[in-house]
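Everything below concerns the one structure shown next.
Every number in this text was worked out from the coordinates using simple rules, so none of it is lab data. No experiment lies behind these values; they were computed from the predicted model shown. So basically every Cβ, Gly included, is an ideal-geometry build from the backbone, and we count neighbours across all protein chains shown.
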Amino acid sequence: MAYTANDVKELREKTGLGMMDCKKALEENQGDMEQAIDWLRKKGLAAASKKSDRIASEGLVDAYIHPGGRVGVLVEINSETDFVARNESFQRMVKEIAMHIAAADPVPLFVSKSEVTQAFIDKEIEIARAQAEATGKPPAIVEKIVEGKLNSIYKEVCLLEQPFIMNPDLTIEQFVSQRTAEIGEKLSIRRFTKFVLGEGLQKRNENFAEEVNAQIAK
């Protein structure tokens, strides 16, 4: 099956990979688009480990607003090139991660373990140790409990350590690695913010009946 320049262009848009890679993929797969994509993905998986030291300074800032407008997320995810930032697969990945953050409870505080401050770790260890010691268990068991608690805390507070809500068999870090292999560039989550309507504001405690009675009394 022959392929055209438009086929190469379409494959580049779908994968975010270079023209020569796309031409080679189409040649190796007799112009079959789906087989060419699979071929490139397999090739990307072999090369993914080589991308970790590259610089990713392009990318996308995107927003997800949950239906009803009570929860919103802003997230920045970086790529190596602006071309990939316009890629549909990359944009879908950004949106899916924003949706994960919107659904996360509790909200992650950090992107990765490397961002967790020593002060935060020390405080969590202190709390975990006090709780374990209150059970009366021996010191060696207490330390094992503390270690286990710290590992579970990382899964709560670090976005990359969390099971991906759309595929719990993968962590967010593994999901990003898969997309890195598929797209062919280094991708990294830089920062995010979650907004919850009314968060931090004092809530009214009056119930409906009390509110009606209060209006009648006026």
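When you scan region 99-113, do you find a residue that is surrounded by 13 or more Cβ atoms within 10 Å (Cβ to Cβ), charged (D, E, K, R) and farther than 21 Å from residue 162 by Cβ, even just one?
The answer is no, given that none of the residues of region 99-113 is surrounded by 13 or more Cβ atoms within 10 Å (Cβ to Cβ), charged (D, E, K, R) and farther than 21 Å from residue 162 by Cβ.
Going through 101, 127, 77, 121 one at a time, which residue ends up being of a type in the set (A, V, I, L, M, F, W, C), assigned to a helix (DSSP H, G or I) and within 16 Å of the chain's Cα centre (by Cα)? Don't jump to the end; show me each part of the working.
Values: 127 fails: within 16 Å of the chain's Cα centre (by Cα); 77 fails: assigned to a helix (DSSP H, G or I); 121 fails: within 16 Å of the chain's Cα centre (by Cα).
After applying the criteria, what remains is 101.
What are the pairs with Cβ atoms under 6 angstrom where one residue, in region 57-70, is surrounded by 15 or more Cβ atoms within 10 Å (Cβ to Cβ) and the other, located anywhere, is part of a loop (DSSP other than H, G, I, E, B)? Sequence gap at least six, or different chains.
Listed by first residue and then by second, the contacts come to 58/81.
When only residues in region 147-186 that are among the hydrophobic types (A, V, I, L, M, F, W, C) and touching a Gly at 6+ places or on another chain (Cβ under 8 Å) count, which is surrounded by the most Cβ atoms within 10 Å (Cβ to Cβ)? Talk me through it step by step, then tell me what you get.
First, the residues of region 147-186 that are among the hydrophobic types (A, V, I, L, M, F, W, C): 150, 153, 157-160, 164-166, 170, 172, 175-176, 181, 183.
Among the residues that remain, those that are also touching a Gly at 6+ places or on another chain (Cβ under 8 Å) are: 181, 183.
On the way: 181: 20, 183: 25.
Residue satisfying both the conditions and the ranking: 183.
Condition first: surrounded by 17 or more Cβ atoms within 10 Å (Cβ to Cβ) and more than 14 Å from residue 171 (Cα to Cα). Now tell me which residues in region 82-94 satisfy that.
So the first thing to find is which residues in region 82-94 are surrounded by 17 or more Cβ atoms within 10 Å (Cβ to Cβ), and the list is 84-85, 87, 90, 93-94.
Passing the criteria: 84, 85, 87, 90, 94.
Could you tell me which numbered condition residue 155 fails, if it satisfies all but one of (1) part of a strand (DSSP E or B); (2) over 28 Å from residue 21 (Cβ atoms)?
(1)
Residue by residue through region 159-174, note down the ones that are in contact (Cβ under 8 Å) with a residue 12 or more places away in the chain, touching a strand residue (DSSP E or B) at 6+ places or on another chain (Cβ under 7 Å) and farther than 11 Å from residue 104 by Cβ. Break it down into steps so the answer makes sense when it comes.
Start the filter on region 159-174 by keeping residues that are in contact (Cβ under 8 Å) with a residue 12 or more places away in the chain, which leaves 159-162, 164-166, 172-173.
Going one step further and asking which of them are touching a strand residue (DSSP E or B) at 6+ places or on another chain (Cβ under 7 Å), we end up with 159-162, 164, 172.
If the condition is that a residue be in contact (Cβ under 8 Å) with a residue 12 or more places away in the chain, touching a strand residue (DSSP E or B) at 6+ places or on another chain (Cβ under 7 Å) and farther than 11 Å from residue 104 by Cβ, then 160, 161 are the ones that fit.
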